[in-house]
Amino acid sequence: MRVLDACEHELLNWEVMEILNEERKRLEEDKAAALASSSPSSPGSSEGGGSPRAAVGPVEEEEPSHDKLRMENLFKRLSSYLVDELHTSNLRQDRIPKALDLLNSHGLPHQCSCELLNNTKLCANSDVYVYTAIESVPNVSEETLEAAHNVVKFVLGSDEVKEEDMVGPMGLLEDTEDHQAKRPRRTSNHKYITEIMSDVQGQLGDEQLLEEGVLPSDYHQHTLLPTMVVGFILLWALAEGMAYIWYRRRLALRNATPAVIPVVSSEQRDFVFNHVLDLGQYYPDGVWRLLKGWFYPSIAQQDLRQDNLNEMLAWAFCYKDTADLTASEWRWVEKAKGKIYDKYGYSSKPGRADVKTVRNTIDPIVSNYHPLSFYCGVYLAKAFGAAILRLRGYHHYSSGRVKYWYRSQPALEETLLDQGESSQEVFVFFHGIGIGLVTYLTMLFKLHQPTQFLFEMPWISMNPLAEVIPDDEYAVDVKMALKDRGVTDTQRVCLAGHSFGSLPVVWIKRHCPDVFDRSRVVLVDPVCIYLNLPDVCLNFLYRKPRRFFMRFLRYIASEELGIACSLHRDFFWMQSVIFPEELPEDTTVFLSEYDHVVPVHDVYTGCQRAGVDTRLLKGIDHGWYLGVPEYLREVTKVLNAQ
């Protein structure tokens, strides 16, 4: 008989004892009313003409029926299973519709099934269902019914029932190996609860189930939170899918859109080229040190061909492919090759070698998708930084398209400034690639200057929607911001920048020399010095990272969509390069010994030759000075020196 095996999987949930007593009393009242209304001449018949349910005489005096033996066997095995379930801590709700179909398929009378199915109150309680289902079977003795009721009460934790009360036709003490069912391995019944409750709710609805007592009174409170969680997950997944589609379309659009080439005057081109050419004299391999890194894979000097050199010079000094050069630009390229030959005796053979030229403004943009949770974290970090800056007395302003934070002077110093007697230095800071100014809070809070300007560059701050401001416009807007906040034309300025933040210092020199000439400069991990060397471009965009920090920085920064598009389509090295001899005397440069972005050795030796105060921060990588108290104190000490 397979009824018990199925019941072990389906009849796992039981109502509390109060519901059993209520239903038991109601059944007894219904039975008493039916007996009272029946005719005395036919005490064994019901109004509906159904089969009699009265006791059919002592069990030992008549032949047990097949139904009786089957149900006694079922209840003996079921009682053993239910007693085992006493060790569980929860009394579970019933799943009658499923169990009803199951028991019908295993031989319970069809009329019993139909009667129970139509009685929703009865079908909602598993304990009453078990008792009534047995009672509805013809030729079942009263002793069997009483024992079944005792077993159910015992399972539900009643102290009124002892084990001896259940001895009898279905007694627990009469257990043989023949009747012992092999119990399957029990698994979580969560899926069964979900399935059966869905069936019941589909037939009756939540409100009726609440009224009938099937669902607990706080059912909606318990189901609301999981529903909200599932809904949130689905909405988030939908948002991630839409964001990924937007990312792919945005990346394809930026790759298909050529860079807007800035105007390069012949004077600027010649100035930069002559400085680059002079730099070759400091290397054993001469000009080849300046050229070889712009080709990949690596190639020997004698194997480079004219077409490759033309391609490199056309991009480096005109930002174009050779096919797009004008006649005057072609003449300049030929003139540049002549200067290389005259100074270093180097000329390439005709033809093209099997190498590619590094051209970040022409090459495809390399980017990886960053999930919405990443940008949410970035937004929260920026919001936190903004809140801290406001608490520290900074205010947010705009000058043209440039946004910045400004902290005003104390009232006494403002009075002195109005009288033209102030000699206080104005501090101007430009952050590097990352999440903006929040990274530098520990450094900024150590500064003593009463007047501070902290300028933002959103396009390198993990904002894929930010517009890139051209270098000339940015420099002019910075100058206007100083003027708007009352900085005089004679007041001394400290221009400080970290990493990419060193580039605006160069922009100010190129486009606002009057501000630069009255400034002292502090650069930390500067990428602007010797930007003509291929190291910065290769290390940040092309070269495969070898260390974990390098891989982390590659994904988190250079492959973020906004930063990648900015560096591949809006970054032009000639507008941002500076040579050590161009820096003012009162300049300090900090270099990290193990910087994987900046060519530390080249920059250090070049600054030493030019007499620039250059300090090496030993044992750290790019930007790590912010996390080393000793180096952070050294940097802030220089920043505070006036």
Original post:
When you scan segment 334-355, how many residues do you find that are out of contact with any Ser or Thr (no Cβ under 8 Å at 6 or more places or on another chain), under 21 Å from F317 (Cα atoms) and among the basic types (K, R)?
Top reply: 4
**OP:** Output yes when any residue across segment 595-612 is touching a residue at least 24 places away in the same chain (Cβ under 8 Å), in contact with a strand residue (DSSP E or B) (Cβ under 7 Å, 6 or more places away or on another chain) and assigned to a strand (DSSP E or B), and no when none is.
**Re:** no
Subject >> Of residues in segment 297-306 being surrounded by 15 or more Cβ atoms within 10 Å (Cβ to Cβ) and either in a helix (DSSP H, G or I) or of a type outside the set (K, R) (or both), the one farthest from the chain's Cα centre (by Cα) >> reply: Q306
**OP:** Find the residue count for segment 320-349, including only residues that are among the aromatic types (F, W, Y) and touching a residue at least 24 places away in the same chain (Cβ under 8 Å).
**Re:** 3
Original post:
Quick one: would you say L204 is at pLDDT below 90 and loosely packed, with under 12 Cβ neighbours inside 10 Å?
Top reply: no
Subject >> Counted residues, segment 527-561 - those being over 31 Å from the mean Cα position of the chain (by Cα), assigned to a loop (DSSP other than H, G, I, E, B), closer than 19 Å to G623 by Cα and not hydrophobic (A, V, I, L, M, F, W, C) >> reply: 1
Original post:
Does any residue of segment 350-367 turn out to be surrounded by fewer than 17 Cβ atoms within 10 Å (Cβ to Cβ), in a loop (DSSP other than H, G, I, E, B), acidic (D, E) and without any contact (Cβ under 8 Å) to a residue 40 or more places away in the chain?
Top reply: yes
**OP:** Just need a number here: residues in segment 267-319 that are touching a residue at least 60 places away in the same chain (Cβ under 8 Å) and among the hydroxyl-bearing types (S, T, Y).
**Re:** 3
Original post:
Restricted to segment 435-465, and to residues that are more than 14 Å from S558 (Cα to Cα) and among the polar types (S, T, N, Q), which residue is surrounded by the fewest Cβ atoms within 10 Å (Cβ to Cβ)?
Top reply: T442
Original post:
Can you pull out the helices (runs of 4 or more DSSP H) entirely within segment 433-520 that have at least 1 residues that are more than 21 Å from S576 (Cβ to Cβ)?
Top reply: 441-444, 471-484
Original post:
Only one of (1) more than 36 Å from the chain's Cα centre (by Cα); (2) on the phi < 0 side of the Ramachandran plot is not met by A564, so which one is it?
Top reply: (1)
Original post:
Which of the following residues is among the aliphatic types (A, V, I, L, M), closer than 23 Å to D514 by Cβ and in contact (Cβ under 8 Å) with a residue 24 or more places away in the chain: L447, L482?
Top reply: L482
Original post:
Scanning for something at pLDDT below 95 and assigned to a loop (DSSP other than H, G, I, E, B), does segment 275-283 turn up at least one residue?
Top reply: yes
Subject >> Looking only at segment 308-349, and only at residues there that are polar (S, T, N, Q) and outside any helix (DSSP H, G or I), the one that is nearest to P297 (Cα to Cα) >> reply: S348
Subject >> segment 526-583 - residue that is among the small types (G, A, S) and out of contact with any Pro (no Cβ under 8 Å at 6 or more places or on another chain) and, of those, farthest from R359 (Cα to Cα) >> reply: A557
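The values are calculated or read from the model by the stated rules, or taken from the named source; none is laboratory data. Every value quoted in this text rests on a predicted model; they were computed, and no experiment measured them. A quick note on method: Cβ atoms are made from the backbone with ideal geometry, for glycine too, and the neighbour counts reach across all protein chains shown.
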